Amino acid sequence: MNRKTRFLTVLVVVVFLTVLFVAARAIAIKPASTVKITPIPANEYNPAVWGKSYPLQYKSFQKNLDMSASPTGFGGSLKVQHSIKQPEILMNFKGMAFSKDYTEDRGHPYALDDLKETKRITPVSPGACMTCKTAYLIDFYKEKGWGYAKTPLSELFPRMKHPIVCANCHDLATMNLRVINPAFTEAMQRRGIDVKKASREEMRSYVCAQCHVEYYFEPETTRVIFPWDKGLHPEQMYAYYAQTPNGFAQDWIHPDSQAKMLKAQHPDFETWSNGAHGKAGVSCADCHMPFMRENGQKYSSHWLTSPMKHIDASCGTCHAQTKEWFLDRVKTIQGNVWQLQHTAGMTVAKAHEVIGKVNNLGKANKVELDKARELVRKAQWYWDIVAAENSMGFHNPVQVLNTLGQSINMAHQAIAAANKAGGTNF
């Protein structure tokens with residue numbers, strides 16, 4: 001064996017031993033990447049008990065107690081009145097509870113506290129108001145069916161010990177994702193979708209969609225109903241409401257314009273569904289509950305917050321841009337939406353004012369004035385369906401900007417129709 005051959009032989013042996021060492025070390029220290037399923041006792045809703053079996057998930061869930069502001073300047077968990085930045089709220093919701101108390105939404109752990117403390121709740125509020133505030137919905141619906149919805153909320157409060165927790169989305173025995181809100185299941189059935197046959201990826205959005213949606217209370221029964229029979233677009237939901245479904249005509253009558261008004265709730269799922277991420281099959285959890293690793297253990301974060309707080313784990317899974325680029329893009333989109341949303345809200349408020357002044361004259365053309373009322377009702381719906389949503393337009397910028405543009409246009413038409421009705425120029 002000459003010197004060259006000996007050198008090559010030694011080199012091959014060294015490389016082989018190095019690869020063998022690295023492989024053996026990797027195998028030896030590789031932690032488990034899957035979660036061991038540990039059943040939770042029936043009717044156990046205390047997240048701390050679940051946390052003993054699922055410590056990483058529970059540790060991240062506890063971060064929902066954080067009330068720091070959003071890095072984009074919109075959203076977040078600071079409990080402030082929206083009317084401070086949007087005074088048009090006081091006029092647009094005049095005559096109903098949202099003009100008295102309309103604060104920024106906080107995290108799931110605060111859901112019950114905020115429900116108990118809000119000025120929108122009265123001694124006659126129905127049980128339907130707790131539908132998305134606690135896992136005890138499981139027990140109430142099992143005991144009473146939809147009867148729980150009309151049970152006085154004050155009778156249910158003492159039994160609700162925990163807010164939105166693990167059991168809202170997970171089966172206690174299998175940890176499989178599940179939906180507990182019957183309103184969601186029924187709405188999907190009317191759309192021809194059997195939630196029980198949903199894939200796991202679909203469930204990663206459905207568990208959120210059972211609450212982050214638009215809904216109304218059926219008159220008399222206060223049963224919760226999602227207005228999805230014609231589709232999830234703002235125009236389709238408005239067309240649904242225009243048919244007075246189940247006898248539901250309006251949430252309230254505005255005291256100035258006398259228009260029959262609708263109050264949008266939080267249509268995050270509907271807005272996302274028609275957006276780029278929704279159409280591409282990116283689930284809510286992909287962005288808001290990204291997979292993390294701690295000590296090599298892979299887990300889904302249960303800190304339900306803005307993806308801008310963990311850009312690498314959420315956006316970075318699919319996109320290659322920098323954190324600074326993502327934050328700038330989101331801020332730009334939300335800033336543009338905010339400008340139009342504020343303009344739409346102020347124009348709608350002006351429409352209520354003008355219609356009210358014309359009505360007070362007592363000589364207005366009724367046909368034209370009713371036309372103005374229908375226009376302001378629809379204009380406010382188009383404004384509110386954006387304003388009540390939680391992403392400041394990011395879930396679907398194209399649709400949201402179009403919706404706000406239509407709102408502004410219809411509000412101006414309402415003002416013109418009212419002035420025509422009264423022969424005025426308010």
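Around Thr103, which amide H atoms from residues at least 5 apart in sequence, or from another chain, sit under 5 Å from its own amide H, with H modelled in the peptide plane?
Result for Thr103 returns His82.
For each cysteine in the chain, check whether another cysteine's C-beta sits under 4.7 Å from its C-beta; list those where none does.
Within the chain, the cysteines lacking a partner Cβ under 4.7 Å are Cys129, Cys166, Cys169, Cys287, Cys315, Cys318.
Set the bar at 26 Å for Cα to Cα. Now go through Lys142/Lys197; Lys79/Lys260; Lys94/Lys144; Lys100/Lys279; Lys85/Lys230 and name every pair that lies beyond it. Kindly include the intermediate steps, with their values, before the conclusion.
Working: Lys142/Lys197 22 Å; Lys79/Lys260 29 Å; Lys94/Lys144 35 Å; Lys100/Lys279 37 Å; Lys85/Lys230 34 Å.
Distance filter (> 26 Å) returns Lys79/Lys260; Lys94/Lys144; Lys100/Lys279; Lys85/Lys230.
Based on DSSP H runs of at least 4 residues, each adding -39500 (n - 2.57), what is the mean residue ellipticity at 222 nm of the chain after dividing by all its residues, to the nearest 500 deg cm²/dmol? Walk me through the numbers on the way to the answer.
Values: 17 runs with 199 residues, N = 426.
Helices in the chain give a 222 nm mean residue ellipticity of -14500 deg cm²/dmol.
Once R0 is set to 35 Å, what does the formula 1/(1 + (r/R0)^6) return for the Cβ-Cβ distance between His412 and Arg120, expressed as a FRET efficiency to the nearest 0.05? Can you show the working numbers first?
Values: r = 31 Å, r/R0 = 0.88.
After rounding, the FRET efficiency stands at 0.70.
With the dipole of the chain worked out from charges on the C-beta (+1 for Lys and Arg, -1 for Asp and Glu) around the Cα centre, which of Leu369, Ala344, Thr305 lies farthest toward the positive end?
Positive-end residue among those listed: Thr305.
Roll a 1.4 angstrom probe over the protein heavy atoms and tell me the percent of accessible area of the chain that is carbon or sulfur. Please list the in-between numbers first.
Details: 12240 of 21320 Å².
Taking all protein chains in place, the chain shows 57 percent carbon and sulfur surface.
In nm, give the distance between the simple-model label positions of Val367 and Glu353, each being 7 Å from the Cα along the Cα-to-Cβ direction.
Distance between label points: 3.0 nm.
Two decimals, Cα atoms only, Kirkwood Rh: what is Rg/Rh over the chain? Walk me through the numbers on the way to the answer.
Working: Rg = 26.3 Å, Rh = 24.1 Å.
Rounded to two decimals, Rg over Rh is 1.09.
On a 0 to 90° scale, report how tilted helix 366-387 is relative to the longest principal axis of the chain, with both axes built from alpha carbons and the result rounded to the nearest 10.
Helix 366-387 sits roughly 20 degrees off the main axis of the chain.
So, counting K/R as plus one and D/E as minus one, what does the shell of residues with Cβ under 13 Å around Leu156 add up to? Walk me through the numbers before you get to the answer.
Details: positive: Lys116, Lys133, Lys144, Lys150, Arg159, Lys161; negative: Asp139, Glu143, Glu155.
Surrounding charge for Leu156 is +3.
Rounded, prolate or oblate, given the Cα gyration tensor of the range 95-134, with a/c below 1.5 counting as rounded? Let's see the in-between values first.
On the way: a/c = 2.18, a/b = 1.21, b/c = 1.80.
Oblate, because a/c is 1.5 or more while a/b does not exceed b/c.
Could you please report the charge total around His310, scoring K, R as +1 and D, E as -1 over all other residues with beta-carbon less than 11 angstrom from its beta-carbon? Walk me through the numbers before you get to the answer.
On the way: positive: Lys63, Lys309, Lys323; negative: Asp312.
Taking every other residue near His310 into account, the sum is +2.
Using a 1.4 angstrom probe, figure out how much accessible area the range 252-325 has per residue, in square angstrom, rounded to the nearest whole. Numbers along the way, then the final one.
On the way: 3480 Å² over 74 residues.
Per residue, the range 252-325 has 47 Å² of solvent-accessible surface.
Give the shape of the range 201-245 as rounded, prolate or oblate, defined through the alpha-carbon gyration tensor: a ≥ b ≥ c are the square roots of its eigenvalues, a/c under 1.5 means rounded, and otherwise the shape is prolate if a/b is larger than b/c and oblate if not.
Working: a/c = 3.30, a/b = 1.41, b/c = 2.33.
In terms of gyration-tensor shape, oblate.
With labels modelled as points extended 7 Å from the Cα through the Cβ direction, what inter-label distance (nm, one decimal) is found for Lys144 paired with Asp113?
A separation of 2.6 nm, rounded to one decimal place.
If you project the alpha carbons of the range 138-285 onto the principal axes, what extent comes out on each, in Å, largest first?
Dimensions of the range 138-285 along the principal axes of its Cα atoms: 52, 43, 24 Å.
Accessible area per residue for the range 343-424 in Å², computed with a 1.4 Å probe and the full protein assembly in place, what is it? Intermediate results must be reported in sequence, preceding the final value.
On the way: 3150 Å² over 82 residues.
Counting only protein heavy atoms, the per-residue value for the range 343-424 is 38 Å².
Hey, can you rank 306-313, 353-360 by average C-beta count inside 10 Å, highest first?
Working: 306-313: 17.9, 353-360: 20.4.
Per-residue mean Cβ counts within 10 Å order the peptides as 353-360, 306-313.
Would you mind classifying the range 40-114 by shape? Square roots of the alpha carbon gyration tensor eigenvalues, ordered a ≥ b ≥ c; an a/c under 1.5 is rounded, otherwise it is prolate if a/b is larger than b/c and oblate if not.
Judged from the Cα gyration tensor, the range 40-114 comes out oblate (a/c at least 1.5, b/c at or above a/b).
Which residues does the label zone of Val35 cover in the range 164-182, counting backbone N under 20 Å from a point 7 Å along Cα→Cβ?
164-181
The values are calculated or read from the model by the stated rules, or taken from the named source; none is laboratory data. Please read these numbers as outputs of a predicted model, since none were measured by experiment. We place every Cβ from the backbone using ideal geometry, glycine too, and count neighbours over all the protein chains shown. These area figures cover heavy atoms from the full protein model, side chains too; ligands, DNA and RNA do not enter into them. Shrake-Rupley method; radii C 1.70, N 1.55, O 1.52, S 1.80 Å.
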